[in-house]
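Notes for the one structure printed next.
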There are 2 protein chains.
Amino acid sequence: MSAGPAPVDASPVDREVLLARAYLSRVAEPPAAALAAWVAEVGPVTAARRVRAGATDGPGALPPAVARETAARRDTDRAEADLTLLRARGGRLIVPEDPEWPAVALAGLGLVAGPDGGGGMEGAPAREGPAEPLALWARGPGRLDDAPRGRVALVGARAASEYGLWVARDWAADLADRGRTVVSGAALGIDGAAHRGALAVGGATVAVLACGIDRAYPPTHATLLDHIAHRGLVVTEYPPGSTPARHRFLVRNRLIAALTAGTVVVEAAARSGAMRTALVAGGLGRAVMVVPGPVTSALSLGCHELARRPEVSVVGRVAHVLEEVSPVGEDIATPPGTPTRPTDGLDPDALRVHEALSLHAARTAVRLAHEAGVDPRDLTTHLSELEARGLAESDGGRWRRRPG
Amino acid sequence: MSAGPAPVDASPVDREVLLARAYLSRVAEPPAAALAAWVAEVGPVTAARRVRAGATDGPGALPPAVARETAARRDTDRAEADLTLLRARGGRLIVPEDPEWPAVALAGLGLVAGPDGGGGMEGAPAREGPAEPLALWARGPGRLDDAPRGRVALVGARAASEYGLWVARDWAADLADRGRTVVSGAALGIDGAAHRGALAVGGATVAVLACGIDRAYPPTHATLLDHIAHRGLVVTEYPPGSTPARHRFLVRNRLIAALTAGTVVVEAAARSGAMRTALVAGGLGRAVMVVPGPVTSALSLGCHELARRPEVSVVGRVAHVLEEVSPVGEDIATPPGTPTRPTDGLDPDALRVHEALSLHAARTAVRLAHEAGVDPRDLTTHLSELEARGLAESDGGRWRRRPG
């Protein structure tokens, strides 16, 4: 290994671009709507140079909103060290210049208003808006470079019930078995159960963090995160060293929504992060699904409140999830196996004649017509049909029901 | 008591009309679409006389479809005896000529197609269609003479779970407490629990039977039916002596749907009578609601399948039911009490500054701006707001978080 800066050979992108994006990723707190829009306009290398210079007037001046977003951190440049650390951990920086960038999935974040209706108004950057990330710090063999279609988010309460944990594990395993990638936030409770369910069947799973890629949060999930990084993908828009903070979970949730074709909320109390992820997913045009649960459970309260919104679907089985996240007309859920009865398909009048028959006492045609209230002239037809199906037998001119 | 026929003084209607309706009620198996339409046209007294005569040609001939519907039973006239039996049990015959007739509620049955799309096509009477009843046999002080608005149906599985039984009892009691009449089918399981829940709080309840008013079905509900008849109303379109038969439950279910502003399915397996009632309710323009349950319960399978239909609402609380069965804009369910936090309403930047504060170590403004990624020039404003809310305190030019 040479003594110079380590090459970032895990990425096909020009090193100057990677360094610029790594710097820009730390210089503003996501989602940095003004910076993201401006970088898309002038390019990352120019943007990084001008943010570092920090001119507020003259030809190289920063747009005022960009200046505000970057004022506190523009002197902090750890890009070289960050990329070295990333490589040491077998990671890579995924940037828009890379074919792996999930452009289709993330495009919506640059376009739509946030859940609070915040947009990128001039002079009033909507920091809580859903701006596209400047880069994604990633570990693991999993790749993001397809459209969101094959990915499903399973999210929910940290303090989940045994019921919720069971559903998360079981459905994640089933989705992974059917070739879907299970995306979640690596949190305690539902998130962890979803990742574990996918891993248990050797399936694909992606953990989206609200902290740096070098942090194990929650600490008890350190081993789980290593498993995911070994077999799937751990990804974050926060640079190394970033600590988890409440607002970062909300910002992270928009990324989970964007990266997936649909979000399934397994359990959620009222006013939970999972409910917010679901609403952001709806705003991005993704499927929003809730798993029902007992109405007596506080952990299903959020799901049942969400279920009343017209854009939210109730999913009672994995087949429902597949139907929701697939193009219209594909993967239609077939009704659950319904019991068939030997009387299925009988004419309503024939059905009544069948009801009027007794297993024990043979009855006359007149009696049967009266009981059933059917025209006596039609009775022979009905009895013949019942006899042909093995549902009736004649006994000296009278009729008896046969066990089905 | 005189030896002659007992007067039916429980009804304000002319005795000849009552006798005609009592006869017609037995002479065809409900729903008798052709007979119902023809009685509405020529009147019950004329209709009864001509059905008794049974002419198939000449000026008094029956319409062919009416002849078919009445062929098997036209010689059976027990009207006098039926009315005497009814009166002996404290009952009354409710007919369209009576102000108590629930005309608004039942009107839809004469107009719309059945759940299978069956209509009253010439020569092919849709016997499974939703034709209006010819009369209602009733016991109890409860009355039906208002529009369906104040009535809610609670229906569901006979082999219900403890969860379903709890929901049915609890919600029925709550609905009754709020002045609603709980309508159900007196079956084992959910139906019985719903009636009991309403009775337990001294509320109004109506049982709609699929057999004669003189029958206790299921037998173990004989006492429950007496309680309902004592305090509410037991009602059926089947004449005395009619036995419960499978097709009669389906026909009865349409009456439950019609008499109520909405139907709540508490628990339902796939392909259950409760699911059918729900779909008929939808066809009549009534609210269709399902109570969610564990996805692991076969008894919630039908509810969750129904929940995927656009016309079906998920109800997680009684407030949701009231919203669904009330005119638009009334009885809107307020969101469940959500926990409030001292940081509610803070500007996103101020929230980030709050997150950057430590409870233990006082931090400089520069450090806070950097951590939070907010413009240092705005920091004083944010810290002042946090201090005013009691969320931050200064300590010799540095800042510390205060416990919320």
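The values are calculated or read from the model by the stated rules, or taken from the named source; none is laboratory data. All figures in this text were calculated on a predicted structure; none of them were measured in a lab. All Cβ positions, glycine included, derive from the backbone under ideal geometry; neighbour counts span all protein chains shown.
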| said: What's the total number of residues in region B:325-345 that are over 30 Å from B:Leu259 (Cα atoms) and touching a residue at least 40 places away in the same chain (Cβ under 8 Å)? | reply: 3
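Consider A:Ala194 carefully, then state whether it is within 13 Å of A:Leu154 (Cα to Cα), crowded, with 22+ Cβ neighbours inside 10 Å and in contact with a Leu (Cβ under 6 Å, 6 or more places away or on another chain).
So A:Ala194 fits the description; yes.
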| note | Taking region B:362-374 and keeping residues facing chain A (nearest Cβ under 8 Å), assigned to a helix (DSSP H, G or I) and buried (at least 21 other Cβ atoms within 10 Å of the Cβ) leaves B:Ala369, B:Ala372
| What pairs can you find where one residue is in region B:232-246 and on the phi > 0 side of the Ramachandran plot, the other is of a type outside the set (D, E, K, R), and their Cβ atoms are less than 8 Å apart, with a gap of 6+ or different chains? | B:Gly241/B:Gly212
| query | Within region B:23-69, how many residues are within 12 Å of B:Glu132 (Cβ to Cβ) and not in a helix (DSSP H, G or I)? | reply | 3
| Candidates B:Ala261, B:Ala287 - the one that is touching a Pro at 6+ places or on another chain (Cβ under 8 Å) and assigned by TED's automatic domain parsing to the domain that holds B:Ala159 | B:Ala261
| Checking B:Arg377 against (1) part of a helix (DSSP H, G or I); (2) more than 9 Å from chain A (Cβ to nearest Cβ), which test does it fail? | (2)
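Which residues, taken from region B:147-182, are free of Cβ contacts under 8 Å to residues at least 40 places away in the same chain and more than 13 Å from every other protein chain (Cβ to nearest Cβ)?
B:Arg158, B:Ala172, B:Ala173, B:Ala176, B:Asp177, B:Gly179, B:Val182
On the given criteria, is B:Pro141 part of a loop (DSSP other than H, G, I, E, B), under 24 Å from B:Gly179 (Cβ atoms) and at pLDDT 90 or above?
yes
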| request: Taking the residues in region B:28-66 that are in contact with an Asp or Glu (Cβ under 8 Å, 6 or more places away or on another chain) and within 11 Å of chain A (Cβ to nearest Cβ) as candidates, determine which candidate is surrounded by the fewest Cβ atoms within 10 Å (Cβ to Cβ). | output: B:Ala65
| message | Among (1) in the same structural domain as A:Gly110 (by TED's automatic domain parsing); (2) farther than 25 Å from A:Arg254 by Cα, there is one condition A:Ala65 misses while meeting the rest; what is its number? | response | (2)
| message | Here is a list: A:Pro310, A:Pro292. Which entry is in contact with a Cys (Cβ under 9 Å, 6 or more places away or on another chain) and farther than 30 Å from B:His247 by Cα? | response | A:Pro292
| query | Which of the residues belonging to region A:157-195 are part of a loop (DSSP other than H, G, I, E, B) and over 22 Å from A:Leu301 (Cβ atoms)? | reply | A:Arg178, A:Gly179, A:Arg180, A:Ala186
| Count of region B:213-254 residues which are surrounded by fewer than 21 Cβ atoms within 10 Å (Cβ to Cβ) and aromatic (Phe, Trp, Tyr) | 2
| request: Looking only at region B:342-353, decide whether some residue is exposed (fewer than 14 other Cβ atoms within 10 Å of the Cβ) and hydroxyl-bearing (Ser, Thr, Tyr). | output: no
| query | Would region B:1-11 turn up any residue that is within 13 Å of chain A (Cβ to nearest Cβ) and farther than 21 Å from B:Gly142 by Cβ? | reply | no
| query | If we scan region B:325-341, do we find a residue that is surrounded by 14 or more Cβ atoms within 10 Å (Cβ to Cβ) and touching a Ser or Thr at 6+ places or on another chain (Cβ under 6 Å)? | reply | no
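Check whether at least one residue in region B:388-402 is in a strand (DSSP E or B) and buried (at least 21 other Cβ atoms within 10 Å of the Cβ), and report yes or no.
For region B:388-402, residues in a strand (DSSP E or B) and buried (at least 21 other Cβ atoms within 10 Å of the Cβ): present.
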| Of the residues that sit in region A:295-305 and are surrounded by 22 or more Cβ atoms within 10 Å (Cβ to Cβ) and touching a residue at least 12 places away in the same chain (Cβ under 8 Å), which one is farthest from the other protein chains (Cβ to nearest Cβ)? | A:Leu299
| field | Matching option when the condition is part of a helix (DSSP H, G or I) and modelled with pLDDT of 95 or more, among A:Leu109, A:Leu93, A:Leu83 | value | A:Leu83
| note | The one condition A:Leu359 fails out of (1) more than 8 Å from chain B (Cβ to nearest Cβ); (2) of a type outside the set (Ser, Thr, Tyr); (3) not in a loop (DSSP other than H, G, I, E, B) is (3)
| remark: Checked region B:309-355 for anything within 8 Å of another protein chain (Cβ to nearest Cβ) and within 30 Å of B:Gly390 (Cβ to Cβ); matches are B:Pro335, B:Pro336, B:Gly337, B:Thr338, B:Pro339, B:Pro348, B:Asp349, B:Leu351, B:Arg352, B:Glu355
| Across region A:39-52, what is the number of residues that are modelled with pLDDT of 95 or more and either of a type in the set (A, V, I, L, M) or more than 17 Å from A:Asp77 (Cα to Cα) (or both)? | 7
| Which condition does A:Pro99 not pass, out of (1) in contact with a helix residue (DSSP H, G or I) (Cβ under 6 Å, 6 or more places away or on another chain); (2) surrounded by fewer than 13 Cβ atoms within 10 Å (Cβ to Cβ), if it passes all the others? | (1)
